[in-house]
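What follows is a set of notes on a single structure, which appears directly below.
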Amino acid sequence: MKITSARVIVCSPGRNFVTLKIETDEGISGIGDATLNGRELAVAAYLDEHVVPALIGRDATRIEDTWQYFYRGAYWRRGPVTMCAIAAVDTALWDIKAKAAGMPLYQLLGGASRDAVMVYGHANGGDIAETVDEVARYLDLGYRAVRAQCGIPGLASTYGVARDKMFYEPADAAIATENRWSTTRYLDHVPKLFDALRARFGFEPHLLHDVHHRLTPIEAARLGRSLEPFRLFWLEDPTPAENQEAFRLIRRHTVTPLAVGEVFNTIHDCQALIAEQLIDYIRTTVVHAGGITHLRRIAQLAELWQVRTGSHGATDLSPVCMGAALHFDLWVPNFGIQEYMRHTPETEAVFPHAWRFEAGFLHPGDAPGHGVGIDEAQAARHPYRPSALPVNRLEDGTMWNW
Ligand code: KDG
Ligand code: MG
């Protein structure tokens, strides 16, 4: 089966998405997500200039060889732009192979390891009372696991707290908006939030929290310890993880489970964290970590060390990534949880999909392939809009991590 065309489709149905569509001489086509939030056109250009010309005429069934070709062949290994481009090719080729086999992708991977995939939703509010009410809303929708983020007294805005509750979109301006941050205010406030949540809902629902890379290792250790009475499912990205050794310090001080990896793009980024059992959940996902082919390697390394998967699934990961991730999740033996942020109705119209939500779980559906399509006429109605993620400064103006 030969690849006859490969096209990059950029659209913005409420937010930007980059999609690669690969067509073959047997009339079977597949799509892959290549969205890198705030840097979308860099990946689109990488695909157009350096990947698409080399795809034409290749055997669409040689997924592993194609992965190696673009990884080793670039010479400049790793990095988010390269790995997103490789992921898009890889996802589209798995989609094609599964369609050719007449199977849902999870069957090709080895079949279902569970009935459905537990997901967590995002509850957030300007203050504790509002966040508690939002968690209640998610529990009413059937969620078993909810991430809770809350405004911090004295800070005008903070990560994870949205104007539009169901469809949080942080990349909201062509030039990055500037937020202000105070670790002191944050560290004092977060335990109060989880105290209130456990008082209202007890210990049955899983509760999660994302620190979004904002603490130093010792501050992260303090937060982890102060949250222990509230038994979080996980504490995410407590400190920037390019310094993997930092997690040894955090681990020495707390048994709060840790989740890391949404900004990682290869197995090398997480190798020490996994092999030293410094984390409990690895958050790499299909689009940012080289597609199904590479994510499978990461998950299998993690399985050796009893680290479970918890793939990133924010709104900037398109429904195409979500569909592929759900097939992966249904199969992967060491599955933990899947993040699920709902997409807007405009996005859903562009990307019709087979997956379904029921009682806090998602199932990828049984359509052949990954079960997500693209309506190109709908996509054309939503042209690209420049939009950047915010930046963050300390109260004295020092640049900080957003
Ligand atoms: O593009 C950045 C977002 O994907 C990120 O801010 C979301 O941290 C995030 C999460 O856990 O969903
Ligand atoms: Mg996160």
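The values are calculated or read from the model by the stated rules, or taken from the named source; none is laboratory data. Every value quoted in this text rests on a predicted model; they were computed, and no experiment measured them. Here the Cβ positions follow ideal geometry from the backbone for every residue, glycine too, while neighbour counts run over all protein chains shown.
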Those residues of segment 98-129 which are farther than 26 Å from residue 63 by Cα, crowded, with 19+ Cβ neighbours inside 10 Å and not hydrophobic (A, V, I, L, M, F, W, C) amount to 120, 121, 122, 124, 125
Scan segment 368-388 and report the pairs whose first residue is closer than 19 Å to residue 96 by Cβ and whose second residue is among the acidic types (Asp, Glu), with Cβ atoms within less than 6 Å and a gap of 6+ or a chain change. 369/95; 370/95
Go through (1) more than 16 Å from ligand 1 (Cβ to nearest atom); (2) more than 27 Å from residue 304 (Cβ to Cβ); (3) charged (D, E, K, R) for residue 252 and report which single condition fails. (2)
Quick check: anything in segment 216-231 of a type in the set (A, V, I, L, M), in a loop (DSSP other than H, G, I, E, B) and under 21 Å from the mean Cα position of the chain (by Cα)? no
Among (1) away from ligand 2 (no atom under 16 Å from the Cβ); (2) among the hydrophobic types (A, V, I, L, M, F, W, C); (3) within 27 Å of residue 87 (Cα to Cα), there is one condition residue 246 misses while meeting the rest; what is its number? (3)
Among (1) out of contact with any Ser or Thr (no Cβ under 6 Å at 6 or more places or on another chain); (2) in contact (Cβ under 8 Å) with a residue 40 or more places away in the chain; (3) within 16 Å of ligand 1 (Cβ to nearest atom), the one test that residue 312 misses: (1)
When you go through (1) within 16 Å of ligand 1 (Cβ to nearest atom); (2) at positive phi; (3) surrounded by fewer than 16 Cβ atoms within 10 Å (Cβ to Cβ) one by one for residue 231, which number turns out not to apply? (1)
Given the condition without any contact (Cβ under 8 Å) to a residue 60 or more places away in the chain, outside the structural domain of residue 98 (by TED's automatic domain parsing), surrounded by fewer than 23 Cβ atoms within 10 Å (Cβ to Cβ) and in contact with a Ser or Thr (Cβ under 7 Å, 6 or more places away or on another chain), answer yes or no: does some residue in segment 324-335 qualify? yes
Looking at (1) hydrophobic (A, V, I, L, M, F, W, C); (2) in contact with a Ser or Thr (Cβ under 7 Å, 6 or more places away or on another chain); (3) within 15 Å of ligand 1 (Cβ to nearest atom), find the lone condition where residue 241 falls short. (2)
Checklist (1) modelled with pLDDT under 95; (2) polar (S, T, N, Q); (3) touching a His at 6+ places or on another chain (Cβ under 8 Å) applied to residue 239, failing item: (1)
What tally of residues in segment 255-293 results from selecting those that are away from ligand 1 (no atom under 16 Å from the Cβ) and either modelled with pLDDT under 95 or under 15 Å from the mean Cα position of the chain (by Cα) (or both)? 4
When only residues in segment 25-45 that are surrounded by fewer than 22 Cβ atoms within 10 Å (Cβ to Cβ) and not small (Gly, Ala, Ser) count, which is nearest to ligand 1 (Cβ to nearest atom)? 37
Can you tell me which residue within segment 115-166, out of those that are within 15 Å of ligand 1 (Cβ to nearest atom) and in contact with a Lys or Arg (Cβ under 6 Å, 6 or more places away or on another chain), is nearest to residue 328 (Cα to Cα)? 120
Pick from segment 305-323 the residues that are within 16 Å of ligand 2 (Cβ to nearest atom) and within 15 Å of residue 259 (Cβ to Cβ): which of them is surrounded by the most Cβ atoms within 10 Å (Cβ to Cβ)? 311
Can you pull out the residues in segment 149-161 that are touching an Asp or Glu at 6+ places or on another chain (Cβ under 8 Å) and within 14 Å of ligand 2 (Cβ to nearest atom)? 149, 159, 160
